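To start, the structure under review is shown below, and the notes come after it.
The values are calculated or read from the model by the stated rules, or taken from the named source; none is laboratory data. Remember, predicted model here, so these are calculated numbers, not experimental data. Here the Cβ positions follow ideal geometry from the backbone for every residue, glycine too, while neighbour counts run over all protein chains shown. Just so you know, the surface numbers come from the protein's heavy atoms only, side chains and all, with ligands and any DNA or RNA stripped out. Shrake-Rupley method; radii C 1.70, N 1.55, O 1.52, S 1.80 Å.
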Amino acid sequence: MNRPVSNVFARVNESTGQRVIAVAVSGGSDSMALALLARQHADEVMALTVDHRLRPGSAAEAGQVARWMQEHAIPHRVLTWEHDGAIRGNLQQAARRARYDLLTEYCREHEIQTLLIGHTEDDQAETVALRQERAAGPVGLAGMSARMRWNDITVMRPLLGCSRAALQEYLKAQGQGWIEDPSNDNTDFDRIRIRRALAANPERRAELLALARQMAR
């Protein structure tokens, strides 16, 4: 990483112009680092955790995030995805849409205009690899954007230039733990299969990130 992780948020307030910023916090290392960084650099932070109710331990994990946020004096809310368990089609896509809808609906109800998501450059490389496999065009190969709109809320990804490893080092320096999602070991998901392949091939990861930058231009 070319710049200290603590400087990632230097211009978030300036670019949003908002006093209150919402942060999506699952409890994983990326989102935990995001919450702590936002707490340092934003005027006021509201942490939001989505409980998808897809695993038996999800409520306990949300409770752990709540305790961590309390330790850091960060207001926190748990948003629950209500469903009957009979989810049709692509599970990850359905969960993603539900997550963004719940997060942005909360923001709209509480007049918060900006939501931060903890996607990293590792997520970006995986996204581009997935889209390559699906023969995406230039727009798809540009990967995730640093800013988008969802339900009239501005969604920002300020950590796209940071690696997961750097964020974990930052958390260790803060004495802060994180939750390891057990679904990250499930190679039935294409993203997890690609994640493991890229971990074993740093050069391929770098190529994908360079491609995303090129297509974005």
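Can you go through ARG217, ARG193, ARG131 and tell me which one is surrounded by 18 or more Cβ atoms within 10 Å (Cβ to Cβ) and of a type in the set (Lys, Arg)?
On inspection, the qualifying residue turns out to be ARG131.
Taking the criterion of being in a loop (DSSP other than H, G, I, E, B) and open to solvent by 10 Å² or more (accessible area, probe 1.4 Å), the residues of segment 24-51 that qualify are SER26, GLY28, ALA42, ASP43.
Going by the conditions given, is TYR106 over 23 Å from PHE189 (Cα atoms), under 19 Å from the mean Cα position of the chain (by Cα), among the aromatic types (Phe, Trp, Tyr) and modelled with pLDDT of 95 or more?
For TYR106, the condition - over 23 Å from PHE189 (Cα atoms), under 19 Å from the mean Cα position of the chain (by Cα), among the aromatic types (Phe, Trp, Tyr) and modelled with pLDDT of 95 or more - is met.
Of the set (1) basic (Lys, Arg); (2) in contact (Cβ under 8 Å) with a residue 24 or more places away in the chain; (3) in a helix (DSSP H, G or I), all apply to ARG55 but (3).
Can you report the number of residues in segment 67-90 which are of a type in the set (Lys, Arg) and surrounded by 12 or more Cβ atoms within 10 Å (Cβ to Cβ)?
Going residue by residue through segment 67-90, those that are of a type in the set (Lys, Arg) are 67, 77, 88.
Filter once more, so that each one left must be surrounded by 12 or more Cβ atoms within 10 Å (Cβ to Cβ): 77.
So the answer is 1.
Inside segment 98-118, residues that are within 20 Å of HIS83 (Cβ to Cβ) and touching a Lys or Arg at 6+ places or on another chain (Cβ under 6 Å) make up a count of 0.
Okay, residues lined up against (1) open to solvent by 20 Å² or more (accessible area, probe 1.4 Å); (2) farther than 30 Å from ARG19 by Cα; (3) touching a Ser or Thr at 6+ places or on another chain (Cβ under 7 Å):
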{"residue": "GLN92", "(1), (2), (3)": "yes, yes, no"}
{"residue": "ARG99", "(1), (2), (3)": "yes, no, no"}
{"residue": "LEU115", "(1), (2), (3)": "no, no, yes"}
{"residue": "TRP178", "(1), (2), (3)": "yes, no, yes"}
{"residue": "ASP181", "(1), (2), (3)": "yes, yes, no"}
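(1) aliphatic (A, V, I, L, M); (2) touching a residue at least 24 places away in the same chain (Cβ under 8 Å); (3) over 18 Å from SER145 (Cα atoms): which one isn't true of ALA125, the others all being true? So the condition that ALA125 fails would be (3).
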